[in-house]
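Written out below as structure tokens is the structure these notes cover.
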Amino acid sequence: MLADLKIAQLRHFIWVAELKGFHAAAERAHRTQPAISLSIRDLENKLGEALFEKHHSKTNKTELTPFGHYFLPKAKELISHHDRVAEDMELLAKHRTGHLRLASVPSIASRVLPALLQDFVTQAPDLHISCFDDNSDAVIRMIENQQVDFGLTNLLKPDQYTNLTFTPIWQDEVGVVCPAGHPLAGEESIDWKVLKNYRLIGNGTSRLLEGTDAAGLLDKSPLYVSNMISCWPCWMPALVSPRCRAMRFLKTIRT
């Protein structure tokens, strides 16, 4: 007979795992610590394996067993699916016809999506829309975990994701952004070889240089930011995509 997994117990398990302790999880759940311990013990009995290592006096942190590590992403997936269904049913009960979830890299979310969504909601005023912005890798993970219906992101190697359908929308060049007083700020365009003389800030888009003559610039990027918006204001040149046109002093790199 299959184990009857309760949503509340799964939440308790995730909170104990993420917060590294039963006391913190109890505060998060607004329950007593013995109640959380009992909930976890019941879940372990249903699964037939221990989820957490026995407490050691040398550390106050609660650590997962190998079985717990394996079960954690599956528990999160179950919770995510449950919450999506519950939210959709709540919207349907309120006579709101549907729920669209999309994820996007911040540059597109801030520069492109507002106008598109404004037109879209005019045509579908009863549709509930949730938009999440994060870096490319995180957007892809949200799609793979079915947390969103689709995403707008860089997919550098589409062949790696056989479980996803990728439709190219546009193609960008890689550029560099720098402070107003920087020697490069007065240039109309920059040959990539010139940048070999500078320390750079890289981000996810910089991976577009892999396999090109300019790939050596990646080794000249000792700093990394996950989102391009974090490059501004910057005190040293940053390799970015021209999609962040809100930034000043953007120069195209010639390769």
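The values are calculated or read from the model by the stated rules, or taken from the named source; none is laboratory data. Small disclaimer: the values here were computed from a predicted structure and weren't measured. Here the Cβ is made from the backbone with ideal geometry for all residues, glycine too, and neighbour counts use every protein chain on show.
From 208, 239, 164, grab the single residue that is modelled with pLDDT of 80 or more and out of contact with any Phe, Trp or Tyr (no Cβ under 8 Å at 6 or more places or on another chain). If you could, list the steps in order and put the result at the bottom.
Details: 208 fails: modelled with pLDDT of 80 or more; 239 fails: modelled with pLDDT of 80 or more.
Just a single option satisfies the conditions, and that option is 164.
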### Message
Take residue 130 and tell me if it is closer than 27 Å to residue 217 by Cα and not assigned by TED's automatic domain parsing to the domain that holds residue 204.
### Response
no
### Query
Taking the range 111-139 as the search range and keeping residues that are among the small types (Gly, Ala, Ser) and buried (at least 16 other Cβ atoms within 10 Å of the Cβ), which one is farthest from residue 154 (Cα to Cα)?
138
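Residue 105 - would you say it is crowded, with 19+ Cβ neighbours inside 10 Å, among the aliphatic types (A, V, I, L, M) and at pLDDT below 85?
On the way: crowded, with 19+ Cβ neighbours inside 10 Å: yes; among the aliphatic types (A, V, I, L, M): yes; at pLDDT below 85: no.
The answer is no for residue 105.
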### Task
Go through (1) in contact (Cβ under 8 Å) with a residue 40 or more places away in the chain; (2) of a type in the set (A, V, I, L, M); (3) in a helix (DSSP H, G or I); (4) exposed (fewer than 13 other Cβ atoms within 10 Å of the Cβ) one by one and return the number of the condition residue 86 breaks.
(1)
### Message
Are there helices (runs of 4 or more DSSP H) fully within the range 89-186 with at least 3 residues that are free of Cβ contacts under 8 Å to residues at least 40 places away in the same chain and more than 26 Å from residue 202 (Cα to Cα)? List them.
### Response
113-123
### Message
Tell me whether the range 20-38 contains one or more residues that are under 19 Å from residue 77 (Cα atoms), in contact (Cβ under 8 Å) with a residue 12 or more places away in the chain, among the polar types (S, T, N, Q) and surrounded by 14 or more Cβ atoms within 10 Å (Cβ to Cβ).
### Response
no
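Identify the residue in the range 177-206 that is within 19 Å of residue 225 (Cβ to Cβ) and in contact with a Ser or Thr (Cβ under 8 Å, 6 or more places away or on another chain) and, among all such residues, is surrounded by the fewest Cβ atoms within 10 Å (Cβ to Cβ).
As a first pass, look at the range 177-206 and keep what is within 19 Å of residue 225 (Cβ to Cβ): 177-179, 182, 184, 195, 198-206.
This time we only want the ones that are in contact with a Ser or Thr (Cβ under 8 Å, 6 or more places away or on another chain), so: 199-206.
Details: 199: 11, 200: 22, 201: 23, 202: 21, 203: 23, 204: 21, 205: 24, 206: 21.
Among them, the one singled out is 199.
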### Matching residues in the range 109-127 - criterion: being modelled with pLDDT under 80 and not polar (S, T, N, Q)
124, 125, 126, 127
### Summary
The lone condition residue 181 fails out of (1) of a type outside the set (Lys, Arg); (2) under 19 Å from residue 111 (Cβ atoms); (3) out of contact with any strand residue (DSSP E or B) (no Cβ under 9 Å at 6 or more places or on another chain); (4) at pLDDT 70 or above is (2)
### Task
Just need a number here: residues in the range 207-227 that are exposed (fewer than 14 other Cβ atoms within 10 Å of the Cβ) and assigned to a helix (DSSP H, G or I).
3
